[in-house]
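See structure below.
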Amino acid sequence: MKAKKSSLYAVFNFKCPRCHEGKFFLSHPYDLSKAGDLHEHCSACGLKYEKEPGFYYGAMYVAYALAVALFVTIWTSYNLWFPNVSVGWQIGTVIFATIILGPYIYALSKTIWAKFFIKYDPNAIAEFKSNHHS
Ligand SMILES: [Zn+2]
C-alpha cells in the first residue's frame, strides 16, 4: 500500500496520476495499434486524463529527454566497459535500443508528463465514489 503512494510506482506501472489505482492506457505499450492511447477517464477516481486538447503534446519533450538519457547511458557504458567496440556497432546498438524501447519510452513520457501536473490525492477515489452515489 505504501509503494502505491510513490509517483514512481504510478509512472512505471502506467497508473492514474491522481489516485495511482486506475489504468492510464487502453493497452500495454507494445500493442502498437493502441500504443499511447489513453482511457478517457480514470476508472477508479474519474479523473479526465486529457485535461485539455493537446495536453500530451508536451510529453514529446519528456520522450526526447528519455531518448537522450538512453543514448548517453549506452554510449557511456560502451566507453567504460567496452572501449574497443567499433563506433558502427555502438550506433547500431543505440538505434536498436531506441526501436525496441521506443513504445515503452513513448508510454512512459505520457505518465511522467501527467505526473508533472497532477498530484497524488489519496482521497480521490473515496470522493469520486461518494459523488457517484449521491
Ligand atoms: Zn484515478
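At a glance:
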| item | result |
| --- | --- |
| Scaled radius of gyration (Cα, divided by 2.2 N^0.38 Å) that the chain gives | 1.27 |
| Theoretical FRET efficiency, 1/(1+(r/R0)^6), r = Cβ-Cβ of Glu21 and Ile100, R0 35 Å, to 0.05 | 0.75 |
| Helical mean residue ellipticity (222 nm; -39500 (n - 2.57) per DSSP H run of 4+; nearest 500) of the chain | -17500 deg cm²/dmol |
| Euclidean distance of C-alpha centroids, region 3-22 and region 30-47, integer Å | 14 Å |
| Percent RCO, i.e. relative contact order, over the chain, from Cα pairs under 8 Å lying at least 6 residues apart | 35 percent |
| Inter-probe distance in nm under a simple model that places probes 7 Å from Cα toward Cβ, at Tyr61 and Ala126 | 3.6 nm |
| Amide H contacts under 5 Å for Val85, placed H, 5+ residues apart | none |
| Leading residue at positive end of dipole, the chain (Cβ point charges), from Leu80, Ile118, Thr98 | Ile118 |
| Electrostatic dipole magnitude of the chain [Cβ: Lys, Arg +1; Asp, Glu -1; Cα centre; debye, to 20] | 380 debye |
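Only the coordinates and a few stated rules stand behind these numbers; no lab work does. Just so it is clear, the structure is predicted and the values come from calculations on it, not from any experiment. Here Cβ is always computed from backbone atoms with ideal geometry, including for glycine, and neighbour counts include all displayed protein chains.
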